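*Asks:* Questions regarding the structure given below will be posed in turn.
The values are calculated or read from the model by the stated rules, or taken from the named source; none is laboratory data. Source: prediction; values computed, not measured. So basically every Cβ, Gly included, is an ideal-geometry build from the backbone, and we count neighbours across all protein chains shown. Only protein heavy atoms, including side chains, enter the accessible area calculation; ligands, DNA and RNA are left aside. Shrake-Rupley method; radii C 1.70, N 1.55, O 1.52, S 1.80 Å.
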Amino acid sequence: MIWKKMNNPQLTYYDLGEGVTAFSTTRHGGCSTGNYSEFNINRYCGDDAGHIAQNLHALAALLDIPADHIIMPHQVHGIEVRRIDGPQQEVIEGVDAVMTDVPQLCIGVSTADCIPIIIYDKEHHAACAVHAGWRGTVQRIVRVAVEAMCKTYGSLPSQMKAVIGPGISLDSFEVGEEVYQQFADASFDMRLIARMYAKWHIDLPMCNRLQLEETGITDIYMSGICTYQHHQDYFSARRLGINSGRIFTGVMVNLFE
């Protein structure tokens, strides 16, 4: 994991090898204010449209692509995976994972405690960005995403790498009995993903790692960043409320000669 500052946005980069750029934005290096401070490009959380546009263009300049080549769906905590083959003129509505093999197209998801996951197929130069909140995790969205890549691009899990980005940790993710029960009813091994303090806590990063491993992916990097505990650097809805900024976790396949 590398910290880097260029053209204002400060990003957390992930090493997935040559030919791919993968990152999560931080709260630093933008022009948004208040609970959106400083760097937010999400259009669906109440931030000022002018600030969003400035931040978006700064990120595009850093990536050296047009702003409309940054693709972000409007997520609904579902499990739909959408293939993206070019800039989108309309809102990508109701989608929680996006995938592409088109160079210079940055696809990504927005989170603020939920778990962002990047999957990269180094053989076919295809990538997927996944938003896994607790509802998506219960529905095993990351497994659905891997299956979609295998079907669409001919990907093999043995040739894939994955990153589990900044999200809420087990220690900070307290849940009610009803949420615990949904994981238990979905046949998760609760001994591995849950712990009782005053209330139940669920380990969402581990839930998604186990799902990736079940698909056959073994090359998995876990950022280990808890958004709730590090809300000064990464947005946390539990800390700041829902009217606050979002982390953008993106991946871009680069041009190959």
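*Asks:* Tell me the net charge near ILE41. Cut-off is 15 Å between Cβ atoms, ILE41 excluded, with +1 for each Lys or Arg and -1 for each Asp or Glu.
*Replies:* Once positives and negatives cancel, what remains is -1.
*Asks:* Can you check what the net charge comes to around LEU156, using other residues whose Cβ is under 10 Å from the Cβ of LEU156 (Lys, Arg +1; Asp, Glu -1)?
*Replies:* Spelling it out: positives minus negatives among the neighbours equals -2.
*Asks:* Another question, if that's okay. Carbon and sulfur atoms: what percent of the 1.4 Å accessible area of the stretch 164-208 do they account for?
*Replies:* After summing per-atom areas, the C and S share lands at 50 percent.
*Asks:* What net charge do the residues around PRO205 carry, taking every other residue with its C-beta under 12 Å from that of PRO205, with Lys and Arg at +1 and Asp and Glu at -1?
*Replies:* Net of charged neighbours comes to -2.
*Asks:* Let me ask something else. Please count, across the chain, the pairs of lysine residues with Cα atoms under 25 Å apart that sit 8 or more places apart or on different chains.
*Replies:* Total qualifying Lys-Lys pairs in the chain comes to 5.
*Asks:* Shape call for the stretch 38-99 from the C-alpha gyration tensor, a ≥ b ≥ c root eigenvalues: rounded (a/c under 1.5), prolate (a/b greater than b/c) or oblate?
*Replies:* oblate
*Asks:* Obtain the radius of gyration and the Kirkwood radius of the stretch 1-124 from its C-alpha atoms and give Rg over Rh.
*Replies:* Rg/Rh for the stretch 1-124 comes to 0.93.
*Asks:* Sticking with this structure for a sec: Please identify the longest segment of the chain free of exposed chymotrypsin sites (Phe, Trp or Tyr not before Pro), where exposed means a DSSP state other than H, G, I, E or B and no more than 16 other Cβ atoms within 10 Å.
*Replies:* Result for the longest clean stretch: 45-196.
*Asks:* Heavy-atom accessible area per residue, the chain, 1.4 Å probe: how many Å²?
*Replies:* 43 Å²
*Asks:* 7 Å from Cα along Cα→Cβ at both THR218 and LEU255: what's the point-to-point distance in nm?
*Replies:* 3.7 nm
*Asks:* Further question: Between (i) 12.7; (ii) 18.1; (iii) 15.9, which entry matches mean projected area of the Cα convex hull in nm² as derived from the coordinates of this structure?
*Replies:* Checking each listed value against the structure points to (i).
*Asks:* Where the accessible area of the stretch 1-122 is counted over protein heavy atoms with a 1.4 Å probe, how much of it, in %, is carbon and sulfur?
*Replies:* 46 percent
*Asks:* Is there a quick way to get the dipole size of the chain? I mean about its Cα centre, with the Cβ of Lys and Arg at +1 and of Asp and Glu at -1; what is the value in debye to the nearest 20?
*Replies:* Using only the charged Cβ atoms, the result is roughly 400 debye.
*Asks:* Stretch GLU178-GLU147 to full length: gain in nm at 0.36 nm per residue minus the Cα-Cα span?
*Replies:* Answer, rounded to one decimal: 8.3 nm.
*Asks:* So the label point goes 7 Å from the Cα of MET190 along Cα→C-beta, right? Which residues of the stretch 164-183 then have their backbone N under 11 Å from it?
*Replies:* 177-183
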